[in-house]
Amino acid sequence: MNRNRHNAFTLVELLIVVIILGILAAVVIPQFSDASTDARLASLTTNLQTIRGQIDLYKLQHNGAYPTLANFVDAMTKKTDADGTINAATGKFGPYLQRIPNNPFTVGGTGNDVTNGAAAANKAWFYDAATGAFKANNGGSTNGVAHDTL
């Protein structure tokens, strides 16, 4: 007697493979979600370092004066005179930045708004013209690091 024998997987074998794939997916997927958050945190840190460095350069070139909040964006993105006056034609200093970068954690607003009031929750950045302090505004926290303390 010669029986026809089919080579195939049993239902139990298929279930074991599906369970193993589910376990692997449960381990891998959370790592990818953390990667995007870590990338935004790295972007925020880099943006802050760049802007703070350019604010220090502005202060050095303008006799120890920081740009005012009212003209912060223009002072950082356009040419200025030694007294801080925006002068695109004959200004000797700047521009320090091409544009104010976006805060990757901002919810609402445009992502590159600057304020000096922490109550303005939809503003991306906090700038204190008296001290030159520049930080993320209402940025929450990632991996235990508060964005506004970077």
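The values are calculated or read from the model by the stated rules, or taken from the named source; none is laboratory data. This structure is a prediction, so every number in the text was calculated from the model and none was measured. Cβ placement follows ideal geometry from the backbone for every residue including glycine, while neighbour counts extend to all protein chains displayed.
Among the residues making up the range 109-134, a single one is β-branched (Val, Ile, Thr) and at pLDDT 90 or above: THR131. Identify all residues within the range 79-90 that are assigned to a loop (DSSP other than H, G, I, E, B), surrounded by 15 or more Cβ atoms within 10 Å (Cβ to Cβ) and of a type outside the set (S, T, N, Q); write none if there are none. Correct list: LYS79, GLY84.
Note on the range 1-54: among residues that are within 30 Å of ASP81 (Cβ to Cβ) and in contact with a strand residue (DSSP E or B) (Cβ under 6 Å, 6 or more places away or on another chain), the one that is surrounded by the fewest Cβ atoms within 10 Å (Cβ to Cβ) is ARG52.
When the range 7-45 is filtered for residues that are hydroxyl-bearing (Ser, Thr, Tyr), part of a helix (DSSP H, G or I) and without any contact (Cβ under 8 Å) to a residue 60 or more places away in the chain, the ones remaining, listed by number, are SER33, SER36. Only a single criterion out of (1) in contact with a His (Cβ under 8 Å, 6 or more places away or on another chain); (2) surrounded by 15 or more Cβ atoms within 10 Å (Cβ to Cβ); (3) over 20 Å from THR115 (Cα atoms); (4) of a type in the set (Gly, Ala, Ser) is not satisfied by GLY94, namely (1). Is one or more of the residues making up the range 137-145 modelled with pLDDT of 85 or more and in a loop (DSSP other than H, G, I, E, B)? Checking the range 137-145: not a single residue is modelled with pLDDT of 85 or more and in a loop (DSSP other than H, G, I, E, B). Among the residues of the range 91-107, the one identified as of a type in the set (Ser, Thr, Tyr) and modelled with pLDDT under 90 is THR106. Tell me yes or no: at least one residue of the range 63-75 is surrounded by fewer than 12 Cβ atoms within 10 Å (Cβ to Cβ), charged (D, E, K, R) and modelled with pLDDT under 95. Scanning the range 63-75 turns up no residue that is surrounded by fewer than 12 Cβ atoms within 10 Å (Cβ to Cβ), charged (D, E, K, R) and modelled with pLDDT under 95. Name the single residue, out of those in the range 46-78 being part of a helix (DSSP H, G or I) and among the basic types (Lys, Arg), that is farthest from THR149 (Cα to Cα). Within the range 46-78, the match that is farthest from THR149 (Cα to Cα) is LYS59.
Going by the structure shown, is LEU57 crowded, with 18+ Cβ neighbours inside 10 Å, touching a residue at least 12 places away in the same chain (Cβ under 8 Å) and under 20 Å from ASP128 (Cα atoms)? Judged against the criteria, LEU57 is not a match.
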